[in-house]
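Below is one structure, written out as structure tokens; the observations come after it.
The values are calculated or read from the model by the stated rules, or taken from the named source; none is laboratory data. Note that the structure is a prediction, hence the values are computed from the model and not measured. We place every Cβ from the backbone using ideal geometry, glycine too, and count neighbours over all the protein chains shown. Protein only, heavy atoms only, side chains kept; ligands, DNA and RNA dropped before computing areas. Shrake-Rupley method; radii C 1.70, N 1.55, O 1.52, S 1.80 Å.
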Amino acid sequence: MSNNDLGFETENIINVELGGQNKRHAFANELKQVRGVEDISFARSSPISDDHWWNTISKTENADCQSVCAIYGDDHFYDVYGLRLLSGHIPQETGNNDLVDSIGKSVTKVVVNEKLLETLDLGSPQEAVGKLFWWDGDTEIAGVVADFNTEPLKYAISPTLIIQDHNVYTHASIRLESDAHLSETLTQIELIWKKHFTDGVYEFQFLDTQIDSFYKSETRLYILFRIFAGLAILISCLGLWGLVTFVSQQRTKEIGIRKVLGASVNAILWLLSKDFFLQILVAFAVASPVTYYFINDWLQNFAFRIDIGWETFVITGMFLLTVASLTISVQTIKASVTNPVNSLRSE
């Protein structure tokens, strides 16, 4: 979830709520003069959000409807977020997004993603440019961008269109230069914002921080798993230590006799350890399929997920055997190197 390619840039971008529409151009012009500000875009939401608007589309007015994610952003939206244009062009902001076709009918121009073309069977990105589909009226494809995630990774990529409408823009997306003096740049942005939007409350959020917030529950679950797994291993090792100590004491005289009869230290180590290793292997064999079932079932909640392969269990098994070996070896080595005279002299 932290490293998956979302199809757009996430670093060095901050989102700032707008305090009104009438001063956004003046705000943008002044902001572009700030050292460290690379570009600015006005939009209703970032490319990935839990607050997108959803509508329905169809190939023609009377065809079957499909769900579509509608994102509202200006012509700088694509550069700020690094969306990859595959064909066509980005409509330039003109105040409204309508055009009139050859028969005088109003048509809306939008940019769409590859998934929308696949859903409506509109051909390749090159073939789709200029085609119409129905989105509460005739809508023309001006350009096609590569697919990108519009929702958290629990959900698959959806048919998406991007349209300009300055009446619904609620925030500014500001792309910062990677080598910018961050604190100084953020201070300048705040001063300019407060200058133009005097009645509002200034707040900003880094895009990568916003994305991380989608996965709070998974992050908490990950931390809890680490804590309780560590506790389980610790308690198991303490129990194993106690069992090995008990068995070693019970077999002290047997060990002494075997040593007198010529048994080596390695032979005695194996004698004391083999039953424990057998039990660990049996427990691991029982736990592995159960673990695989529940983890794989949980992963089905995510459209984008890893696969649990056999190597995961091999590494886990080797780790557990290593921890068990270290736990067992301390007592077994102590018992195997004890002078047999000390254990047999009372007999």
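General observations
- Checking 280, 235, 255 one by one, the residue that is farther than 30 Å from residue 19 by Cβ, open to solvent by 70 Å² or more (accessible area, probe 1.4 Å) and not charged (D, E, K, R) is 235 and no other.
- Counted residues, region 106-150 - those being in contact with a Gly (Cβ under 8 Å, 6 or more places away or on another chain), among the hydrophobic types (A, V, I, L, M, F, W, C) and open to solvent by 50 Å² or more (accessible area, probe 1.4 Å): 1
- Every residue from region 293-325 that is closer than 23 Å to residue 156 by Cα and assigned to a helix (DSSP H, G or I): 293, 294, 295, 296, 297, 298, 299
- Residue check, residue 240 out of contact with any Cys (no Cβ under 8 Å at 6 or more places or on another chain), in a helix (DSSP H, G or I) and without any contact (Cβ under 8 Å) to a residue 40 or more places away in the chain: no
- Checked against (1) open to solvent by 60 Å² or more (accessible area, probe 1.4 Å); (2) at pLDDT 95 or above, residue 81 passes all but condition (1).
- Residue selected from region 203-226 under the condition under 21 Å from the mean Cα position of the chain (by Cα), hydrophobic (A, V, I, L, M, F, W, C) and not in a loop (DSSP other than H, G, I, E, B), by the criterion surrounded by the most Cβ atoms within 10 Å (Cβ to Cβ): 207
- Qualifying residues in region 5-22 (those that are surrounded by 16 or more Cβ atoms within 10 Å (Cβ to Cβ) and modelled with pLDDT under 90) - the one nearest to residue 171 (Cα to Cα): 18
- Residue check for residue 272: open to solvent by less than 40 Å² (accessible area, probe 1.4 Å) and touching a strand residue (DSSP E or B) at 6+ places or on another chain (Cβ under 6 Å): no
- Tabulated pairs, region 56-84, first farther than 14 Å from residue 116 by Cα, second of a type in the set (Lys, Arg), C-beta under 6 angstrom, 6+ apart or interchain: 72/44; 80/175
- Conditions (1) open to solvent by 10 Å² or more (accessible area, probe 1.4 Å); (2) in contact with a strand residue (DSSP E or B) (Cβ under 8 Å, 6 or more places away or on another chain); number of the one not met by residue 162: (1)
- Taking every residue in region 184-198 that is crowded, with 17+ Cβ neighbours inside 10 Å and at pLDDT 90 or above and pairing it with any residue that is outside any helix (DSSP H, G or I) and polar (S, T, N, Q), at least 6 positions away or on another chain, yields no pair with a Cβ-Cβ distance below 6 Å.
- Where a residue in region 257-281 is under 11 Å from residue 332 (Cβ atoms) and its partner, wherever it lies, is of a type outside the set (A, V, I, L, M, F, W, C) and open to solvent by less than 60 Å² (accessible area, probe 1.4 Å), with Cβ under 6 Å and at least six apart: 265/336; 268/336; 269/332; 269/336; 272/332; 273/332
- Matching residues in region 169-183 - criterion: being over 13 Å from residue 14 (Cα atoms) and buried (at least 18 other Cβ atoms within 10 Å of the Cβ): 169
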